[in-house]
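Working notes for the structure below.
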Amino acid sequence: MRRKLPPVRPAINVKTWIGCDCEGEHDAASCGGTKIYLTVGLFVDVLPGGGVRQSPGEIFVAVAHECAGAFAGFADAWSVEVSVGLQSGRTVEELLRRYRGCHFEPCGRTTDPAIPKVKSIPDYVVRWLDRRFGNGSSIPLFAPPSQGPPGAPESDEEDRAADGPAEVLFSLEATAPPAEEAAPACPLPRARVCSCGVPLPDGKGVVCHNCGSEPDS
């Protein structure tokens, strides 16, 4: 049964050049080659233990405009075929066995240091999928900076102890706001009171309505 991706799903976008003559930073003016964009849509499944597993559910391969036309149509048709296979239960290992080593232009060097040389675009795509998702592995989309490359051995407890405690970048614990300094009290004007004890308004010529006297201002 075919399992379709939800309307909103995460994806990985990869850009590389195939068939270039350079190493490292690519210069389109002097190195040549074909620029391709690979987009991989992901299934995200929550595991019983609370973890998350990512698996490919579709691919899109877009080639540069100078290679558009018949080759772009082939890339679209092949992407649909692979995507339907992934949604129907086809594994990355099956795709690798079927398309790895498929040889036609463009081919040659790439700007991907993990896959430096390929025989075709399908060869590059299935090798990239195998490196990213092969054997049921799933590399997190956003790995912590301290995490090493896939397959790198973890340091032992002594190395971790020698590094000292991890630096806390921020804390989610609620903290009390700093106490605000009390503003200096403003002196209040002294109220006028008649000799009979009745409060009087400010101003001159005020007559007490109780005793009829006119206090000094």
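Go through segment 1-30 and give me each residue that's in contact with a Ser or Thr (Cβ under 9 Å, 6 or more places away or on another chain), in a loop (DSSP other than H, G, I, E, B), modelled with pLDDT of 70 or more and not hydrophobic (A, V, I, L, M, F, W, C).
Scanning segment 1-30 gives Arg2, Arg3, Asp21.
Which pairs turn up if I take residues in segment 128-140 that are closer than 23 Å to Thr111 by Cα and aromatic (Phe, Trp, Tyr) and look for partners that are in a loop (DSSP other than H, G, I, E, B) and modelled with pLDDT of 75 or more with beta carbon separation below 7 Å, at least 6 apart in sequence or on another chain?
Trp128/Ile115
With the checklist (1) closer than 22 Å to Arg3 by Cβ; (2) under 26 Å from the mean Cα position of the chain (by Cα); (3) surrounded by 15 or more Cβ atoms within 10 Å (Cβ to Cβ) in hand, flag the one item Ala62 doesn't pass.
(1)
What are the residues in segment 32-41 that are in a loop (DSSP other than H, G, I, E, B) and surrounded by 19 or more Cβ atoms within 10 Å (Cβ to Cβ), if any?
Scanning segment 32-41 gives a single hit, Gly33.
Please work out which residue is nearest to Gly19 (Cα to Cα), limiting yourself to segment 42-94 and to residues that are assigned to a helix (DSSP H, G or I) and of a type in the set (Phe, Trp, Tyr).
Ranking the qualifying residues of segment 42-94, first place goes to Phe71.
Whether any residue in segment 103-116 is among the aromatic types (Phe, Trp, Tyr), over 24 Å from the mean Cα position of the chain (by Cα) and in a loop (DSSP other than H, G, I, E, B) is what I want to check.
yes
Within segment 102-112, restricting attention to residues that are surrounded by fewer than 18 Cβ atoms within 10 Å (Cβ to Cβ) and modelled with pLDDT under 90, which residue is farthest from Ile36 (Cα to Cα)?
Residue satisfying both the conditions and the ranking: Phe104.
The values are calculated or read from the model by the stated rules, or taken from the named source; none is laboratory data. Every value quoted in this text rests on a predicted model; they were computed, and no experiment measured them. Cβ coordinates were reconstructed from backbone atoms using ideal geometry, including for glycine residues, and neighbour counts include every protein chain displayed.
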